[in-house]
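Below: one structure, written as structure tokens.
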């Protein structure tokens, strides 16, 4: 197996449950135990009430493309992305009300549209990390 | 300064991160969260009580933290009106205390949160590097720094407000025209719309000519008490008004990325100066990208939200026009001197007001608006938003 050479997230005490869930094919986000606020990206406290009591909840993995760009040139990231050009980097708004950056895959970049319904699909990068990506939702 | 008091404090337990002795090995980010939670518990305040107040953070042992104050407020969900960072080593807390006291004494804010944490013994611990949100939740998907983020802002703006590439093109072309009249500018060759439209797509829909150009360069400005300034110049430039806002809509996970915090900052500045947008003889908006200029034309009140494209189409934004915009050529053409880039707009405003702008001099330029933006937000636009109104005698 050839090594995966693109940047990968770091597994920390905070994010271990997230990456373990991704391995199982589940997308989880943070929810505040005190005020029930949900947030992404994962943090050490709640951006709504500052409580450090956060839990992970499983989400549907369904959402919409809020905006996107088609990468035409690699600047400021791993040259490994060169072989993927052109590819789509998007802001995905999940049904649960949080926004993630990810890729829209399984579709020609020119066919991606704002508002398009998408669902999560996991790309297995290493034995530890599977990245949540998004593909057009089945209708 | 008897009107300023210390009204609360917190302190976490300390650790040398000796996991073998059962000690916690936490990161600086975690100590920031802990210190804030404790302060709120000790004072009985809620986080929302600190909205629109002052915040001061300190540098960390991590040199990676170029935009650390933006990271801290974004991690914690703080939304301050006034935000400073100290990099004074052992004098960090004292430096923040003095700056916070000035801000309260001046009536700019009523509270000022000093928050400082560091974890020098956890530097090798997972998660201790700063800029985690970009490293973990952006770069693995192939984001290319600010270009990708702004390209998404641009796409969304075009979708939501019917803007066309030609609108962005006009900004790029007009600023280049100004740069051609600025001896210090780096890019001076005039541009055509055809050249703009044919410039290569870096991160679709973002073109090369939508992006500022990095240069090396330096600036300085001198502030003086009005009476002492008389010894230096007979053309003093007054700071008529200013406003700032950081991490707008801190709690909102689904922000409208076609907006910035300039609306709030500019409203403060206009109010302080007792002026309106129509009083401005020029506008020097922060221009890391063309779309930033378009959004700020709306938010600084020169046209209504979503009308930026039409406004650009119908308005002469050259130095001879109805609303001269970035008369130096801006960062798009004069150049962005790295982290000093935002000096350009203030220096140009001063030059215009003093009547020293040579061939690009705006007629009767006795008052104008400058803005500054900094720190791109995760799923949003800019963390730092400033508006400053400068005027002559």
Checklist entry - Do you know which residues across region A:101-118 are at the interface with another protein chain (Cβ under 7 Å from one of its Cβ atoms) and either part of a strand (DSSP E or B) or crowded, with 23+ Cβ neighbours inside 10 Å (or both)? => result A:101, A:102, A:103
Item to check | region B:123-136: number of residues that are surrounded by 22 or more Cβ atoms within 10 Å (Cβ to Cβ) and in a helix (DSSP H, G or I) | outcome: 2
Checklist entry - For residue B:130, are the conditions met, namely being at negative phi and modelled with pLDDT under 95? => result yes
Checklist entry - For region A:78-99, what are the residues that are in contact with a helix residue (DSSP H, G or I) (Cβ under 9 Å, 6 or more places away or on another chain) and either assigned to a loop (DSSP other than H, G, I, E, B) or more than 7 Å from chain B (Cβ to nearest Cβ) (or both)? => result A:78, A:86, A:88, A:90
Checklist outcome for this item: Among (1) part of a helix (DSSP H, G or I); (2) at the interface with chain B (Cβ under 7 Å from one of its Cβ atoms), residue A:11 falls short only on (1)
Checklist outcome for this item: Of the residues in region A:10-22, those that are in contact with a strand residue (DSSP E or B) (Cβ under 8 Å, 6 or more places away or on another chain) and over 16 Å from residue A:59 (Cβ atoms) number 0
Checklist entry - Out of curiosity, is residue A:75 at pLDDT below 95, farther than 30 Å from residue B:26 by Cα and within 11 Å of chain B (Cβ to nearest Cβ)? => result yes
Next on the checklist: Quick test of your reading of the structure: residue A:3 fulfils all but one of (1) free of Cβ contacts under 8 Å to residues at least 24 places away in the same chain; (2) in contact with a helix residue (DSSP H, G or I) (Cβ under 6 Å, 6 or more places away or on another chain). Name the failing condition by number.
Outcome noted: (2)
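The values are calculated or read from the model by the stated rules, or taken from the named source; none is laboratory data. Please read all numbers here as calculations on a predicted model, not as lab measurements. Here Cβ is always computed from backbone atoms with ideal geometry, including for glycine, and neighbour counts include all displayed protein chains.
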